[in-house]
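To keep things clear, I will list the structure first and then write my remarks on it.
The values are calculated or read from the model by the stated rules, or taken from the named source; none is laboratory data. Computed from a prediction, not measured in an experiment: that's the story for all the values here. Backbone-built Cβ (ideal geometry, glycine too); neighbour counts: all protein chains shown. Protein only, heavy atoms only, side chains kept; ligands, DNA and RNA dropped before computing areas. Shrake-Rupley method; radii C 1.70, N 1.55, O 1.52, S 1.80 Å.
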Amino acid sequence: EDISQERDKMIERLNMVTAEDRARLDALLPQKPDPETLYVLFENIIRSANMKQRNLTISVSQSDALQAGKKSIGFALQVEGSYASLRTLLDLLENNIRLMDLRSLSIQSAPEGRLMVDMQGAMYYGG
């Protein structure tokens, strides 16, 4: 009976998780890599930061997919904008709910006082 009671308690706790919480968890760590959604996510962040997208590559490679036992999808992003826009972009990426690691960040000056930013990283998924 103890096992049955423990099982019932666990089921009760699981049922307490709301649909909103489940959706938030799925946004944090989706079940599939879903590169199309990542393109939209990055485009929205770049637009919100008032930066100009130069290049965006999202790829699932074997080395990315099982890095340190975690499933991930790699990204490479090149954008151009002002210093203020760069700060906004970094804030938006930092406060984004999606789990990610930024592996490299390079900043160079561009014409008219703008900055050219290259970044590479990985976003994680479950499944």
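With the requirement that a residue be closer than 21 Å to Val60 by Cα and assigned to a loop (DSSP other than H, G, I, E, B), what does the range 77-127 give you? Result: Asn96, Ile97, Arg98, Leu99, Gly126, Gly127.
Number of residues in the range 15-31 that are open to solvent by 70 Å² or more (accessible area, probe 1.4 Å) and closer than 24 Å to Met100 by Cα equals 8.
Taking every residue in the range 21-39 that is within 20 Å of Leu93 (Cβ to Cβ) and in contact (Cβ under 8 Å) with a residue 24 or more places away in the chain and pairing it with any residue that is of a type in the set (Phe, Trp, Tyr) and open to solvent by less than 60 Å² (accessible area, probe 1.4 Å), at least 6 positions away or on another chain, the pairs with Cβ-Cβ distances below 7 Å are Leu29/Tyr124; Leu29/Tyr125; Pro30/Tyr125; Pro33/Tyr125; Leu38/Phe75. When the range 44-88 is filtered for residues that are modelled with pLDDT of 95 or more, charged (D, E, K, R) and closer than 16 Å to Gly121 by Cα, nothing remains.
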